1. Within the set of pairs 6+ apart or on separate chains, which have a first residue in the stretch A:95-117 that is within 14 Å of chain B (Cβ to nearest Cβ), a second that is surrounded by 15 or more Cβ atoms within 10 Å (Cβ to Cβ) and part of a loop (DSSP other than H, G, I, E, B), and C-beta atoms under 6 Å apart?
2. Identify, please: which residue in the stretch B:66-108 is assigned to a loop (DSSP other than H, G, I, E, B) and more than 20 Å from the chain's Cα centre (by Cα) and is, among those, farthest from the other protein chains (Cβ to nearest Cβ)?
3. In the set A:53, A:90, A:68, which member is on the phi > 0 side of the Ramachandran plot and more than 14 Å from chain B (Cβ to nearest Cβ)?
4. Scan the stretch A:377-388 for residues that are closer than 13 Å to residue A:458 by Cβ and surrounded by fewer than 20 Cβ atoms within 10 Å (Cβ to Cβ) and report the count.
5. Please verify whether the stretch A:251-272 includes one or more residues that are more than 30 Å from residue A:415 (Cβ to Cβ) and at pLDDT 90 or above.
6. Scan the stretch B:137-149 for residues that are over 20 Å from residue B:210 (Cα atoms) and surrounded by 18 or more Cβ atoms within 10 Å (Cβ to Cβ) and jot them down.
7. How about the stretch B:109-149: which of its residues are in contact with a helix residue (DSSP H, G or I) (Cβ under 7 Å, 6 or more places away or on another chain), within 9 Å of chain A (Cβ to nearest Cβ) and not in a helix (DSSP H, G or I)?
């Protein structure tokens, strides 16, 4: 392990060099041998970066990297998506920081109140990546009819406006979350379209909301409450279906997505779908019903024993036999299905680890209070188990994000796959391979690193009360 | 290991004074081949305070854990508040709602604030409204002497405070019987008194209690009857006075000589 030694107060530069580079004869010798080698490689690297590197391969193809083969005249949808996501991000951040502020104040803990600036500092890798994009964008004149600086500026302004949700009174926290989720779905559907079948995500969100906030407390009979809750949920869901049926404005389905946009979306969709599936698998594996337990175990162990790339190929050929005849599944749909099913098995094992790490006294305390098994699981066990496995879980999400690059092998043009188009261009047929690769690597790293930082913060915040 | 019992001390002291709230008849419990409880017969009357003592591994904890089915007994019958424990989960949950339990290691829910720890069961099980549940929770916190800690997390409290929260959490379900499983064993010495004081107050308020403990002072002061267990059997039952001044069984004498 190396770590940079700080210059101690009252220490001159010469002393620092002597103490850290030449403390004794063999360290001094190592320094003398290694220093020229390191300097030489640094020189070569810098020369490549600033002199010999053909970065125009990235520069002129920036739009291609971002959106790939996505129809250029529909680019407004992507821009709108960025802006709506930025707003949703702001609202979520504001609500979250206000909620943790409330908790800290109540419990008399040190107050940690976030802000947009603080968040951007934490996610500096993403900020740096966007800065790099903007740097390249200054000279990219291919297919850009909207100034990228305006998009980034607009996104920041919208995030800031959304962040004002932290001023909501406490009673509106859940509204803040509801707004966040609503705008995430709308942002997604600005691209994918508000067609007739698009009611499902908002239907689930608002159905559950209606079920849980339906004012049924004045009725004593438990069955009546459940019935009324279900009626409320059904009304909301049918209303949403009617709205979507009335709007029915098709967009660009994911079969036409590509580039970094596809990479981010595929990862996000697979994460959102794999998490609940993995949770159910973990619970099934601990079930007392042998059939359920065996099925979950077999599924998890089979999936974990097969490489993802194999499953992706199998998905392209075999999934067709499983689904009803006549169903046409695009390559991207199959890939998303395989990535989801794959990640779910890993998430299940992570969650199971979390469940096992809990003291059995927690379960007993719940039982002794007369709670039924479902509320014990939901209110006592899962919140603690999931908190305990945040680092492992985010690690899995980061793997999933990076593994999405395997889609380029099954001829899907995501972030890495876009290079195939670029190097098919006459200008870059046999040059600048390293430049495009490095750019792609920086892109993956920027997002993965931001996720990792976020997981560390989440872990710290949720453990603050332990 | 002897199975014979002294009929005299048994007959006058095993029977509860009033109407029995808990009746254990011929209860056996095995962990694999190991017999943790053998032929337990015991009645607990309404408002009675029973203190169970005995060397470690004697089955004291197992005994009270069988009463609310945290452990399943293998033979015999256990009746709580007129309901016999059976396999039926509804029946088990009904009994658990009638019996509060306080654990040696508190077992508070670390992810919930004190007040949420207390209101969880009333809201989930009895569907009490939030305000209503929090109001009764605050009254309970007043009673155990820590209302100012309501919005804190268990991890921020001392052991004694945590155990008092655990008592309040059990009381929130308005149980007819309270089971205490070595409630002060995990506490630093200076915190034992604050928990015992709450328990004494509870006993004086007429709560039916079974307390597994090593606090002989508590047994002397509060117990209606003291039960001595060894090797999974009830060896001797008697009033505290009888028990501490004039024990009859050899094993009881040996145990008392070791701890007093």
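The values are calculated or read from the model by the stated rules, or taken from the named source; none is laboratory data. Nothing here was measured: the structure is a model prediction, and the numbers come from that model. Cβ coordinates were reconstructed from backbone atoms using ideal geometry, including for glycine residues, and neighbour counts include every protein chain displayed.
1. Listed pairs, sorted by first residue: A:106/B:151; A:107/B:151; A:107/B:152; A:107/B:153.
2. Initially, the stretch B:66-108 is screened for residues assigned to a loop (DSSP other than H, G, I, E, B), giving B:68-74, B:81-82, B:85-88, B:103-108.
Subsequent filtering for residues that are more than 20 Å from the chain's Cα centre (by Cα) retains B:74, B:86-88.
On the way: B:74: 19, B:86: 16, B:87: 13, B:88: 13 Å.
Among those residues, the one meeting the criterion is B:74.
3. On the way: A:53 fails: on the phi > 0 side of the Ramachandran plot; A:90 fails: on the phi > 0 side of the Ramachandran plot.
Of the residues listed, the single one that is on the phi > 0 side of the Ramachandran plot and more than 14 Å from chain B (Cβ to nearest Cβ) is A:68.
4. As a first pass, look at the stretch A:377-388 and keep what is closer than 13 Å to residue A:458 by Cβ: A:386-388.
Those still in the list that are surrounded by fewer than 20 Cβ atoms within 10 Å (Cβ to Cβ) too: A:386-387.
Total meeting the criteria: 2.
5. Just the residues of the stretch A:251-272 that are more than 30 Å from residue A:415 (Cβ to Cβ), to begin with: none.
No: the stretch A:251-272 contains no residue that is more than 30 Å from residue A:415 (Cβ to Cβ) and at pLDDT 90 or above.
6. B:137, B:140, B:141, B:146, B:149
7. Across the stretch B:109-149, the qualifying residues are B:109, B:110, B:111, B:112, B:113.
Table: residues versus (1) under 23 Å from the mean Cα position of the chain (by Cα); (2) surrounded by fewer than 16 Cβ atoms within 10 Å (Cβ to Cβ).
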{"site": "A:266", "(1), (2)": "yes, no"}
{"site": "A:273", "(1), (2)": "yes, no"}
{"site": "A:279", "(1), (2)": "yes, no"}
{"site": "A:290", "(1), (2)": "no, yes"}
{"site": "A:298", "(1), (2)": "no, yes"}
{"site": "A:307", "(1), (2)": "yes, yes"}
{"site": "A:313", "(1), (2)": "no, yes"}
{"site": "A:325", "(1), (2)": "no, yes"}
{"site": "A:332", "(1), (2)": "yes, no"}
